[in-house]
1. So is LEU149 modelled with pLDDT of 80 or more and either in a helix (DSSP H, G or I) or of a type outside the set (A, V, I, L, M, F, W, C) (or both) or not?
2. Restricting to region 78-107, name every residue that is farther than 17 Å from SER135 by Cα and among the acidic types (Asp, Glu).
3. Here is a list: THR138, THR74. Which entry is among the β-branched types (Val, Ile, Thr) and under 19 Å from VAL158 (Cα atoms)?
4. Of the residues in region 79-101, how many are over 19 Å from GLY122 (Cα atoms) and either under 22 Å from the mean Cα position of the chain (by Cα) or charged (D, E, K, R) (or both)?
5. Of the residues that make up region 143-150, is at least one free of Cβ contacts under 8 Å to residues at least 40 places away in the same chain, farther than 21 Å from LEU72 by Cα and out of contact with any helix residue (DSSP H, G or I) (no Cβ under 8 Å at 6 or more places or on another chain)?
6. Only one of VAL41, VAL47 is surrounded by 15 or more Cβ atoms within 10 Å (Cβ to Cβ) and assigned to a strand (DSSP E or B); which?
7. Examine region 158-173 for a residue that is polar (S, T, N, Q), in a helix (DSSP H, G or I) and under 26 Å from the mean Cα position of the chain (by Cα), and state whether such a residue exists.
8. Do the conditions hold for LYS19, that is, is it basic (Lys, Arg), at pLDDT below 95, farther than 24 Å from LEU149 by Cβ and surrounded by 13 or more Cβ atoms within 10 Å (Cβ to Cβ)?
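The values are calculated or read from the model by the stated rules, or taken from the named source; none is laboratory data. Just so it is clear, the model here is predicted, and its values are computed rather than measured. Neighbour counts run over all protein chains shown; Cβ positions are idealised from the backbone, glycine included.
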Amino acid sequence: MQLGGNLSLVDYIHITESKKSINEACNEILYSLETLQKNKVGALIAVEKANVDRYYINPGFGINAKLSKELLITIFNPKSPLHDGAVILKGFTVIAAGVILPMTENPKLDWQYGTRHRAAIGFSEVTDALCLVVSEETGGLSVASQGRLTHYNSIENVRPILEKYYSEILKTEKKSSKVGKFLNEFFASVKTVKAKDDIEAKAQGLKEADIEAQEIVSASDQSELDNLEPKLKMSSKVKPERVETPKKKTIQGQL
């Protein structure tokens, strides 16, 4: 079913659901950042496109829970044992908390930047992650991407950046799923063709073996006939011995 142009019903539903998911994820993240800002609670959230845990200085603690503002606010509570490290988001899932990220070694960076800002810049230098930082001292909000740090006065100014980033994540996942589907179908077809070739090869082998067996049997039968023929000829030349029947003797008795 087409809904105008080349857009199918399936594509329309996928786009609609994707926009809904992106909007929900952004709401959860931005609401938690706004709450942390008001209370001047320091926070570092890294949203990843791919698994880049090899760059972690310390992997922290695995969470693997659905993204929610309540969870993020709880993790960054100053009384929480995980509040000092970074929270790692992969799509719509909180992967880990208390993660120690590599800090930038840029000598030109202002000395006033603290550990969270330096970690956000450093992690964005070596990965394609989007890092969101709340300053513990000022409550200011900053975003680090590709080694660059940008400050924002309003939480809503960050929304377009976050929505664009999540759109790229979904595009990457969709492309990966298509490639994965293509590869699965390709290798499945290769296995099918190979299996068909194996069956045909086995059938041909059985056919050849059957023909060979028939030839062996025929040769064996012929060999037996060839060996039997001289014997028959010899037996036909031998004359059978004549057996004489003994004559009966008549005993004449006297009367």
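1. no
2. GLU105, the sole residue that qualifies.
3. THR138
4. Result for region 79-101: 6.
5. The answer is yes; a qualifying residue exists.
6. VAL47
7. yes
8. In short, yes.
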